[in-house]
Amino acid sequence: MQVNADLRPILGPQLVRLDPMRIKQLQDPQVYDAIDSLAKLSAHCLQLRTPLTTCEKLINSDSTLYLSWKYDEEEKVSRLLGFAKVGRKKLFLYDAQMQTYEGEVLCLLDFYVHFSTQRQGVGKQILDYMFSQEHAEPYQLALDNPSVTLLGFMSQKYGMNRPVWQNTNFVVFDELFQSLSAENGVEKSPPDGWRRPMTPRRLGTGMTDTRWLQHAVSGHQSKGNAMAAPVDADMTPQGALSNRAHQAKARKAHILSSKPLW
Ligand SMILES: CC(=O)SCCNC(=O)CCNC(=O)[C@H](O)C(C)(C)COP(=O)(O)OP(=O)(O)OC[C@H]1O[C@@H](n2cnc3c(N)ncnc32)[C@H](O)[C@@H]1OP(=O)(O)O
């Protein structure tokens, strides 16, 4: 995504953390347009009709954008290479044994590298930078409705190859639950500000135990899973097909029914 200007005075280093305040302060229509255009490509790639990311949405959110860009000295243009949008969300999660967990989790909400630059290490650079800034480890990341490419990326680059799909279409990794399991039979204490529900949740006919997740997440707003944010379903055939939840279900069924992809 090209901008015919030197963005160094505006953006600074080639890997940059843009929180809502910083994005608001940029006050540069060229940068806003370039970020929005890159986010449109991301949406196109996932066959979404509406981009998950725009500068306007970012300014009014609590998400953070990690952006990779570079200045081409010869052509005197700046190029936006890719971005990751993350946010901390309260999530309700199940592990493979159907134990429940709740807490605030770092979530990868949108992740894209320009098609001309993919598989050159940019995505890994962005996530490494994001992990260092967020003081998080790869196993602590939840993926919102991940693509097969992203699951392959997490497996290959971070050794995260035991995804646990959630019914909200988030994916977390088994290592997250392992890190929370009881040590010597002693359950770890919940983080500050959290309390254990008075009664365990009942699922179907069985009972589940509830545990605390130290860094936790919730559903995606666009899918209507965020608390108190219902979204009417688009019932048209096009709407159903381009519905991200529908795609995720199809992807999940495909992944679960086929041999491991990596
Ligand atoms: C929560 C969400 O945002 S889900 C949506 C995730 N985004 C997408 O699927 C959009 C399309 N893909 C992309 O934008 C990019 O490929 C990203 C963001 C997933 C990764 O960025 P890149 O700069 O390509 O990553 P990087 O170069 O660091 O690592 C490449 C690895 O990603 C995976 N990968 C990237 N592209 C592909 C592909 N076309 N096919 C299979 N694996 C791929 C592989 O593991 C690859 O490793 P390899 O090249 O050694 O085989």
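The values are calculated or read from the model by the stated rules, or taken from the named source; none is laboratory data. Worth saying up front: this structure is predicted, and the values here are computed from it rather than measured. Cβ sites come from the backbone with ideal geometry, for glycine too, and all protein chains shown count toward neighbours.
Looking only at region 59-75, which residues are within 15 Å of the ligand (Cβ to nearest atom) and either of a type in the set (D, E, K, R) or within 21 Å of R88 (Cβ to Cβ) (or both)?
Across region 59-75, the qualifying residues are S63, T64, L65, Y66, L67, K70.
Any idea which residue in region 14-34 is farthest from the chain's Cα centre (by Cα), counting only those that are at pLDDT 95 or above and assigned to a loop (DSSP other than H, G, I, E, B)?
Q14
Residue check: is Y66 part of a strand (DSSP E or B) and at pLDDT 95 or above?
It is true that Y66 is part of a strand (DSSP E or B) and at pLDDT 95 or above.
Each row is one residue, and each column tells you yes or no for (1) buried (at least 21 other Cβ atoms within 10 Å of the Cβ); (2) of a type outside the set (V, I, T); (3) out of contact with any His (no Cβ under 7 Å at 6 or more places or on another chain); (4) more than 30 Å from N169 (Cα to Cα).
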| position | (1), (2), (3), (4) |
| --- | --- |
| N4 | no, yes, yes, yes |
| D19 | no, yes, yes, no |
| I35 | yes, no, yes, no |
| K57 | no, yes, yes, no |
| L65 | yes, yes, yes, no |
| R79 | no, yes, yes, yes |
| K89 | yes, yes, yes, no |
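Return the residues of region 140-154 that are near the ligand (Cβ under 6 Å from one of its atoms) and more than 18 Å from G87 (Cβ to Cβ); say none if nothing qualifies.
Across region 140-154, the qualifying residues are S147, T149, G152, F153.
Among the residues of region 130-139, which ones are assigned to a helix (DSSP H, G or I) and within 15 Å of A84 (Cα to Cα)?
M130, F131, S132, Q133, E134, P138
Give region 76-129 a look and list any residue that's over 18 Å from P13 (Cβ atoms), within 16 Å of the ligand (Cβ to nearest atom) and outside any strand (DSSP E or B), or say none.
H114, F115, S116, Q118, R119, Q120
Could you give every pair whose Cβ atoms fall below 7 Å, whose first residue belongs to region 146-164 and is touching a residue at least 24 places away in the same chain (Cβ under 8 Å) and closer than 13 Å to K124 by Cα, and whose second residue is assigned to a helix (DSSP H, G or I) and within 11 Å of the ligand (Cβ to nearest atom), counting only separations of at least 6 or pairs across chains?
Qualifying pairs under 7 Å: F153/G123; K157/K124.
Could you tell me whether E73 is over 14 Å from the mean Cα position of the chain (by Cα), within 17 Å of Q14 (Cβ to Cβ) and of a type outside the set (G, A, S)?
Criteria met by E73.
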